[in-house]
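Read through the structure below, which is laid out as structure tokens, and then see the notes.
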Amino acid sequence: MDYGSDTVRFAPGSEVRIVRNIRNDGSFQDFAKGDLLVEAGSVGIVRSYGYFLQTQVIYQVFIPTQNRVIGVRDSEVIDAELAWVPCLFRSLDKAKLTCSLRMFGEPLANKGDVIEVHRVYRDLEDGTVSFEVKFGAHLVKLDSTRLEPVA
């Protein structure tokens, strides 16, 4: 397997945005396990990268606003220049539809219906967020504009 620089998305010096909350896994002695270290949306600078189990790229990222260096997986960062779209829902969260849905011309759900989020996806190339929701036997992928928080 080639571990050259062409297998990583960000070189040292690149600005990246953290896409999910990073909690202490026990590596930070001054924090309790599970404490929030870096909030989703924070911007940092890649210092270096390496490999975990020879398959996962791990970046060492300096977060200037917190004067903290953390390790994050490749799937936890996007280019800092991309527009930030916060992820409002997690798996099993309830959300309300902002539009009606039809499948093969038949109504599937109505605007305002409360549904359950099945899975969350973030596109690492453009930073957008989409959600997989379940309607009976159907799994449907919706972009983030199609769901809003339940009041």
Item to check | Hits in region 93-151 - residues which are within 30 Å of Arg9 (Cα to Cα) and part of a loop (DSSP other than H, G, I, E, B) | outcome: Asp123, Leu124, Glu125, Asp126, Gly127, Thr128
Checklist entry - Considering region 39-52 alone, what residues qualify as being at pLDDT below 95 and closer than 14 Å to Arg73 by Cα? => result Ala40, Ser48, Tyr49, Gly50, Tyr51, Phe52
Next on the checklist: Looking only at region 126-139, count every residue that is loosely packed, with under 14 Cβ neighbours inside 10 Å and in contact (Cβ under 8 Å) with a residue 24 or more places away in the chain and tell me the total.
Outcome noted: 2
Checklist entry - Out of all the residues in region 69-92, which are among the charged types (D, E, K, R) and in a strand (DSSP E or B)? => result Arg73, Asp79
Checklist entry - Within region 64-98, restricting attention to residues that are touching a Leu at 6+ places or on another chain (Cβ under 9 Å) and of a type in the set (Gly, Ala, Ser), which residue is modelled with the lowest pLDDT? => result Ser75
Next on the checklist: Considering only residues that are farther than 16 Å from Lys134 by Cβ and of a type in the set (Gly, Ala, Ser), which ones fall in region 76-121?
Outcome noted: Ala80, Ala83, Ser100, Gly105, Gly112
Checklist outcome for this item: Selection from region 16-43 of residues surrounded by 14 or more Cβ atoms within 10 Å (Cβ to Cβ) and not in a loop (DSSP other than H, G, I, E, B) yields Val16, Arg17, Ile18, Ile22, Arg23, Leu37, Val38, Val43
Checklist outcome for this item: Note on Val72: of the conditions (1) within 16 Å of the chain's Cα centre (by Cα); (2) in contact (Cβ under 8 Å) with a residue 60 or more places away in the chain, unmet is (2)
Next on the checklist: Can you say whether Gln54 is farther than 16 Å from Val120 by Cα, surrounded by 15 or more Cβ atoms within 10 Å (Cβ to Cβ), not hydrophobic (A, V, I, L, M, F, W, C) and not assigned by TED's automatic domain parsing to the domain that holds Leu142, as far as the supplied structure shows?
Outcome noted: no
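The values are calculated or read from the model by the stated rules, or taken from the named source; none is laboratory data. As the structure is a computational prediction, the values presented were derived from the model and not from experiment. All Cβ positions, glycine included, derive from the backbone under ideal geometry; neighbour counts span all protein chains shown.
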